[in-house]
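These notes concern the structure reproduced below.
The values are calculated or read from the model by the stated rules, or taken from the named source; none is laboratory data. What you are looking at is a predicted structure, and each value in this text was computed from that prediction instead of being measured. Cβ sites come from the backbone with ideal geometry, for glycine too, and all protein chains shown count toward neighbours. Quick note on the areas: whole protein, heavy atoms, side chains included, nothing else; ligands and nucleic acids left out. Shrake-Rupley method; radii C 1.70, N 1.55, O 1.52, S 1.80 Å.
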Amino acid sequence: MTPHAYAHLENATLRIDVEHEKKLQVPLHHLGGVVCFGNVMVSPALMHRLADEGKSLVLLDDSGRFKARLEGPVSGNILLRQAHHRMASEPAFTLEFARALVAGKLKNSRTNLQRGAREAAEPDEAATLSRTADNLAASLRAAAVATTLDELRGVEGEAARGYFAALNLIVKPQVRSGFALDGRTRRPPLDRFNALISFHYAMLMNDCRSACEAAG
């Protein structure tokens, strides 16, 4: 993530230099892939080695927006690819698949709020977190019976608004002033909390894409 960092190959390790000083060295077999934010230089030898070992190299801009991806040959099954495209056109399947994704997101969000409510020092904050968690439970029930993708998007959007409105209360009071979430902002994120969320979303997107490609 450091501007002008240089990632290169040294024997069987990935080495990171900043201003000609070694900052990090990691064995390649410990890595699943490499993600570079912003102006980071990568040696050709490292690119070739990553490709040979089936490890991806992903380039993101300073805001975490996807720019490019380098990887070696990926085996594929044309019949499986055709089935993917057919199913993507099936309304019943896409709705069921989207329901499963939204349900997973809402369940994880609800668990996060419930944990925050248990750990909250102030009764009022605990009550707010618990109430929002209950609202997400209602959103889960609504998502399960949504009959269209637009209806499902509405359920997810309403749940997300409530979740992000309460998320600040999970932050420890002693650091809350310097780590506050003032609404969800993207490209660029306008505060530390949003920067952290966007960073994790970028990492998650890369992991999901890699998993889909590995599945053939």
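Here are the numbers:
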quantity	calculated
From Ala121, Ala100, Ala126, Ala143, residue being over 30 Å from Gly38 (Cβ atoms) and touching a Lys or Arg at 6+ places or on another chain (Cβ under 7 Å)	Ala143
Conditions (1) touching a Ser or Thr at 6+ places or on another chain (Cβ under 6 Å); (2) in a helix (DSSP H, G or I); number of the one not met by Gly64	(2)
Qualifying residue in region 186-193 (condition: closer than 22 Å to Leu101 by Cα and modelled with pLDDT under 80)	yes
Condition broken by Arg192, with the remaining ones in (1) open to solvent by 40 Å² or more (accessible area, probe 1.4 Å); (2) farther than 30 Å from Phe93 by Cα; (3) out of contact with any Phe, Trp or Tyr (no Cβ under 6 Å at 6 or more places or on another chain) satisfied	(3)
Condition check for Phe164: of a type in the set (Phe, Trp, Tyr) and either out of contact with any Phe, Trp or Tyr (no Cβ under 8 Å at 6 or more places or on another chain) or open to solvent by less than 50 Å² (accessible area, probe 1.4 Å) (or both)	yes
Qualifying residue in region 19-27 (condition: among the β-branched types (Val, Ile, Thr), open to solvent by less than 90 Å² (accessible area, probe 1.4 Å), farther than 22 Å from His200 by Cα and within 25 Å of the chain's Cα centre (by Cα))	no
Enumeration of residues in region 1-18 that are open to solvent by less than 80 Å² (accessible area, probe 1.4 Å), over 27 Å from Ser198 (Cα atoms) and either of a type in the set (Asp, Glu) or in a loop (DSSP other than H, G, I, E, B) (or both)	Glu10, Ala12
In region 82-104, the residues that are open to solvent by 40 Å² or more (accessible area, probe 1.4 Å) and touching a helix residue (DSSP H, G or I) at 6+ places or on another chain (Cβ under 7 Å)	Met87, Ala88, Phe93, Arg99
Which numbered condition Leu79 fails, given (1) in contact with a His (Cβ under 7 Å, 6 or more places away or on another chain); (2) among the hydrophobic types (A, V, I, L, M, F, W, C); (3) open to solvent by 90 Å² or more (accessible area, probe 1.4 Å)	(1)
